[in-house]
1. Run down E60, E41 and say which single residue is under 19 Å from A23 (Cβ atoms) and surrounded by fewer than 13 Cβ atoms within 10 Å (Cβ to Cβ).
2. I need the full set of residues from the range 1-27 which are assigned to a loop (DSSP other than H, G, I, E, B) and touching a residue at least 60 places away in the same chain (Cβ under 8 Å), in order please.
3. Of (1) in contact with a strand residue (DSSP E or B) (Cβ under 9 Å, 6 or more places away or on another chain); (2) small (G, A, S); (3) modelled with pLDDT under 95, A102 satisfies all except one. Which?
4. Would you tally the residues in the range 28-66 being in a helix (DSSP H, G or I), among the polar types (S, T, N, Q) and touching a residue at least 24 places away in the same chain (Cβ under 8 Å)?
5. Restricting to the range 67-103, name every residue that is of a type in the set (V, I, T), within 19 Å of S22 (Cβ to Cβ) and part of a helix (DSSP H, G or I).
Amino acid sequence: MLGHLIRHLPIMDGSELVGLVSAAELQALAGVPGVDLDHVEIAKVMHMPLTVLGATPLDEVAELMSDRKAECVVVLGGHGVQGIFTAIDALRALSDLLQRTAN
């Protein structure tokens, strides 16, 4: 994940979303003395992510993330996981909106 600058990774069982793991969680776990990530099952590290449908309005997604203090949500669509919307994506959207309204 670090080599490809991936911060959040959905965990799939076939086409079913079963969890999410973050690079920060793995990095913290790697810092625990005696823990070898090569021998830790992902099921013990992952958590169930917040999910939204691809058609969910951006303001609702931002409010959900804020209320839950979530760094990201997994975006679902008709064919499963469509992507991950992160706090960085939300900041980019805010910046774009502010720049458009300033002009």
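1. Going through E60, E41 in turn, the sole match is E41.
2. Listed by number, the residues that qualify are R7, S15.
3. (1)
4. 0
5. Result: I88, single match.
Residue by residue, here is whether (1) in contact with a strand residue (DSSP E or B) (Cβ under 9 Å, 6 or more places away or on another chain); (2) over 19 Å from I11 (Cβ atoms); (3) of a type in the set (S, T, Y) holds:
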| residue | (1), (2), (3) |
| --- | --- |
| G34 | no, yes, no |
| V40 | no, no, no |
| K44 | no, no, no |
| V52 | yes, no, no |
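The values are calculated or read from the model by the stated rules, or taken from the named source; none is laboratory data. No experiment lies behind these values; they were computed from the predicted model shown. Cβ atoms come from the backbone with ideal geometry, glycine included; neighbour counts cover every protein chain shown.
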